[in-house]
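K.L.:
Sharing a structure below in structure tokens format, with a few things to ask.
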Amino acid sequence: MTALSYASGTSRKPLLGQTIGENFRRAMMAWPTRDALVVPHQAYRATYRELWDQVEVVARGLIGLGVSKGDRVGIWSPNRYEWVLVQFATARIGAVLVNVNPAYRASELAYALDQSGVSLLLLAKRFRATEYEPILSSIRDQVPNLKRALVIDDDWSSLERAAEDVPSDRVETVEATLHFDEPINIQYTSGTTGAPKGATLSHHNILNNAYFIGQAMNYTEDDRVCIPVPFYHCFGMVIGNLACVAHGSAMVVPGEAFDPETVLATVAAEHCTSLYGVPTMFIGILNHPRLKDTDLSSLRTGVMAGSPCPIEVMRKTKSELNMNEVTICYGMTETSPVSTQTAVDDPIDKQVGTVGRVHPHVEIKIIDPTTGLVVPRGQQGELCTRGYSVMLGYWNNDEATHASIDAARWMHTGDLATMDNEGYVKIVGRIKDMIIRGGENIYPREIEEFLYRHPDIEDVQVIGVPSTKYGEEVMAWVKLKDNATVDEPALDAFCRGQIATFKIPKYWRIVDEFPMTVTGKIQKYKMRKVAVDELGLHDAAKTETA
């Protein structure tokens, strides 16, 4: 009988039955003098004991400002040490941290604050060229639950003063009432249609996921993890901050936002052993002129995640960045986030060509999207996840929750995947990104992997665009390496005889950058809109399909 595409993750390590605060206390007691948080761009450095004491002050300050268990506290800021303090302070008093995307503008901000019922917002004064206070002022009347807003740059001392009126044992008293299954974090997903949905995560969700992510990379108190990915996203605050604390490792934050030169300098200066990033970040680092002059000998591991990882980029990361034990993580915000991960000792073809195997204490299956039946190993289908990591639900949105999590508590990811006989998973693409050209199913990921082989291509994204004749045609957006001179006919010629004719892009667009989110995820729906406008495909786009 053919094996089915189902796997459950086993482990000798049990799940942690702790709140985030309890786990943080354990780290402080075990490694009080080890570096916990290093933020060079703010000249900030704290040991675990120092970080604990500072978090205690912030927690008391929040209580002093009227924050109670279950209240929603928003944070709208790029990566700063204050973000980390607020993350652990809210966890210790049971307040639900609402992560606000630093790229949000007025309408998005108003929606997130109002939908989650944020009563206190901590915000940066600015991020890059954007001033936050005027944006907040413009929507203040749309968020009636917002009682107070504190500008981190100007009002941090007022938070500390508020702590002075709160007894020193008050935080522990509140902590004693907390349970690890309670919600502690809301993260808004950046959907391509409709309003964002607030994935609601518990202590149990994100702490355990962080712990097992770190375990997969053999983290100890000797590790120093460079975290250039945003805190507002699971990649930064869970895979980054929580994974470090769960193993006593140091969180090293190179800047408010990603900059390849700063990352390289920070890794060298702080002797980082691990580095995180989405593929576009690693591409930027690998192509930076300072790479060859930077000592990266301290690196051994890290995580590449957030979007499909090109095989060639993964190979170069291992060879040129000294990250022989780099891992690929796959997941989504709604699953806390990681469901599968490669192991540091996986065979090279599995390390670079798959997203690994199922995580401990998690189940995965690949199903036929039409019938719901589990497909045989090797066959494509939709990847689903079940277990401790699946979110509690979307905040105040039962309809969206039930549309994503079925009656058996399986989270339907919307990702197309295959599972081989050893349980390794390969992501083929998104169900909605699949291109159907004249009845042929085309998976953009396959074409992207082929084009990455071209010596002049730095990055590439493949999309489907409307076609009156075929329904859809293939289009490739290509970012070339510096000084490359290849043109569109040459790219077309590169494909001829190498991939099926129907997979060869009809349209090419050479670009300097792709539209993407703050976390580095490519926004293909924006690319399609641009393509329709530039190519004059409005009539084809109006064609109704079944």
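K.L.:
So, in the range 213-222, how many residues would count as being of a type outside the set (Ser, Thr, Tyr) and open to solvent by 10 Å² or more (accessible area, probe 1.4 Å)?
P.N.:
Residues meeting the conditions: 5.
K.L.:
Can you tell me which condition GLY439 does not meet? The list is (1) open to solvent by 30 Å² or more (accessible area, probe 1.4 Å); (2) within 29 Å of THR189 (Cβ to Cβ); (3) modelled with pLDDT under 85, and all the others hold.
P.N.:
(2)
K.L.:
Please verify whether the range 46-63 includes one or more residues that are assigned to a loop (DSSP other than H, G, I, E, B) and open to solvent by 30 Å² or more (accessible area, probe 1.4 Å).
P.N.:
no
K.L.:
Here is a further query. For the range 455-505, how many residues are among the hydroxyl-bearing types (Ser, Thr, Tyr) and touching a Cys at 6+ places or on another chain (Cβ under 6 Å)?
P.N.:
Residues that pass the stated criteria total 0.
K.L.:
Let me ask something additional. How many residues, within the range 170-202, are open to solvent by 50 Å² or more (accessible area, probe 1.4 Å), modelled with pLDDT of 95 or more and more than 16 Å from GLY66 (Cα to Cα)?
P.N.:
Matching residues across the range 170-202 total 7.
K.L.:
Here are the criteria: (1) open to solvent by less than 50 Å² (accessible area, probe 1.4 Å); (2) in contact (Cβ under 8 Å) with a residue 12 or more places away in the chain. Tell me which single one THR401 does not satisfy.
P.N.:
It fails just one condition, (2).
K.L.:
Would you confirm whether or not the range 448-460 contains a residue that is open to solvent by less than 10 Å² (accessible area, probe 1.4 Å) and touching a Phe, Trp or Tyr at 6+ places or on another chain (Cβ under 7 Å)?
P.N.:
Looking through the range 448-460, at least one residue is open to solvent by less than 10 Å² (accessible area, probe 1.4 Å) and touching a Phe, Trp or Tyr at 6+ places or on another chain (Cβ under 7 Å).
K.L.:
Collect the residues in the range 332-369 that are within 18 Å of VAL313 (Cβ to Cβ), part of a helix (DSSP H, G or I) and either open to solvent by less than 10 Å² (accessible area, probe 1.4 Å) or not β-branched (Val, Ile, Thr) (or both), keeping them in residue-number order.
P.N.:
ASP349, LYS350, GLN351, VAL352, GLY353
K.L.:
Could you please find all residues in the range 297-352 being touching a residue at least 24 places away in the same chain (Cβ under 8 Å), among the small types (Gly, Ala, Ser) and either farther than 14 Å from ASN218 by Cα or touching a Lys or Arg at 6+ places or on another chain (Cβ under 7 Å) (or both)?
P.N.:
Listed by number, the residues that qualify are SER297, SER298, ALA305, GLY306, SER307, GLY331, SER336, SER339.
K.L.:
Out of (1) within 24 Å of THR2 (Cβ to Cβ); (2) without any contact (Cβ under 8 Å) to a residue 24 or more places away in the chain, the odd one out for MET419 is which?
P.N.:
(2)
K.L.:
Could you grab me the full set of residues in the range 69-93 that are in contact with a Gly (Cβ under 7 Å, 6 or more places away or on another chain) and open to solvent by 10 Å² or more (accessible area, probe 1.4 Å)?
P.N.:
Residues satisfying the conditions are LYS69, GLY70, ARG72.
K.L.:
Would you confirm whether any residue within the range 211-227 is out of contact with any helix residue (DSSP H, G or I) (no Cβ under 6 Å at 6 or more places or on another chain) and closer than 17 Å to VAL86 by Cα?
P.N.:
No, the range 211-227 has no match at all.
K.L.:
Next question. Just to be sure, is ARG430 out of contact with any Phe, Trp or Tyr (no Cβ under 9 Å at 6 or more places or on another chain), open to solvent by 20 Å² or more (accessible area, probe 1.4 Å) and closer than 30 Å to LYS469 by Cα?
P.N.:
For ARG430, the condition - out of contact with any Phe, Trp or Tyr (no Cβ under 9 Å at 6 or more places or on another chain), open to solvent by 20 Å² or more (accessible area, probe 1.4 Å) and closer than 30 Å to LYS469 by Cα - is met.
K.L.:
Please work out which one of (1) under 24 Å from the mean Cα position of the chain (by Cα); (2) assigned to a loop (DSSP other than H, G, I, E, B); (3) surrounded by fewer than 16 Cβ atoms within 10 Å (Cβ to Cβ) is the condition SER107 fails and give its number.
P.N.:
Of (1) under 24 Å from the mean Cα position of the chain (by Cα); (2) assigned to a loop (DSSP other than H, G, I, E, B); (3) surrounded by fewer than 16 Cβ atoms within 10 Å (Cβ to Cβ), only one is false for SER107: (2).
K.L.:
Of the residues that make up the range 1-9, is at least one within 24 Å of the chain's Cα centre (by Cα) and open to solvent by less than 60 Å² (accessible area, probe 1.4 Å)?
P.N.:
Checked the range 1-9: at least one residue is within 24 Å of the chain's Cα centre (by Cα) and open to solvent by less than 60 Å² (accessible area, probe 1.4 Å).
K.L.:
Same structure, new question: Please enumerate the residues belonging to the range 110-127 that are part of a strand (DSSP E or B) and either touching a Lys or Arg at 6+ places or on another chain (Cβ under 9 Å) or open to solvent by 10 Å² or more (accessible area, probe 1.4 Å) (or both).
P.N.:
Within the range 110-127, VAL118, SER119, LEU120, LEU121, ARG126, PHE127 qualify.
K.L.:
Turning to a different aspect of this structure: Given (1) among the polar types (S, T, N, Q); (2) more than 17 Å from the chain's Cα centre (by Cα); (3) within 20 Å of PRO228 (Cα to Cα), identify the lone condition not met by SER336.
P.N.:
(2)
K.L.:
For the range 370-384, give me the residue count where each residue is buried (at least 24 other Cβ atoms within 10 Å of the Cβ), in contact (Cβ under 8 Å) with a residue 40 or more places away in the chain and not small (Gly, Ala, Ser).
P.N.:
Looking only at that region, the number is 1.
K.L.:
Sticking with this one: Could you list, in sequence order, all residues of the range 128-164 that are open to solvent by less than 20 Å² (accessible area, probe 1.4 Å) and part of a strand (DSSP E or B)?
P.N.:
Across the range 128-164, the qualifying residues are LEU150, VAL151.
K.L.:
Here's another thing I want to ask about it. The conditions are (1) more than 22 Å from the chain's Cα centre (by Cα); (2) surrounded by fewer than 21 Cβ atoms within 10 Å (Cβ to Cβ), and MET475 fails exactly one of them. Which is it?
P.N.:
(2)
K.L.:
Something else now. Starting from residues that are modelled with pLDDT of 95 or more and among the basic types (Lys, Arg), keep the ones in the range 94-142 and report whichever is farthest from GLY236 (Cα to Cα).
P.N.:
ARG140
K.L.:
Now for a different question. If I ask for residues that are modelled with pLDDT of 90 or more and closer than 17 Å to ARG445 by Cα, which ones from the range 525-546 would you list?
P.N.:
Hits for the range 525-546 are MET527, ARG528.
K.L.:
Could you tell me whether ALA59 is touching a Ser or Thr at 6+ places or on another chain (Cβ under 7 Å) and among the small types (Gly, Ala, Ser)?
P.N.:
No, not satisfied.
The values are calculated or read from the model by the stated rules, or taken from the named source; none is laboratory data. Values in this document were obtained by computation on a predicted structure and should not be read as measured data. As a convention, Cβ positions derive from the backbone with ideal geometry for all residues, glycine included, and neighbour counts pool all protein chains shown. With ligands, DNA and RNA removed, areas are computed over all heavy atoms of the protein, side chains included. Shrake-Rupley method; radii C 1.70, N 1.55, O 1.52, S 1.80 Å.
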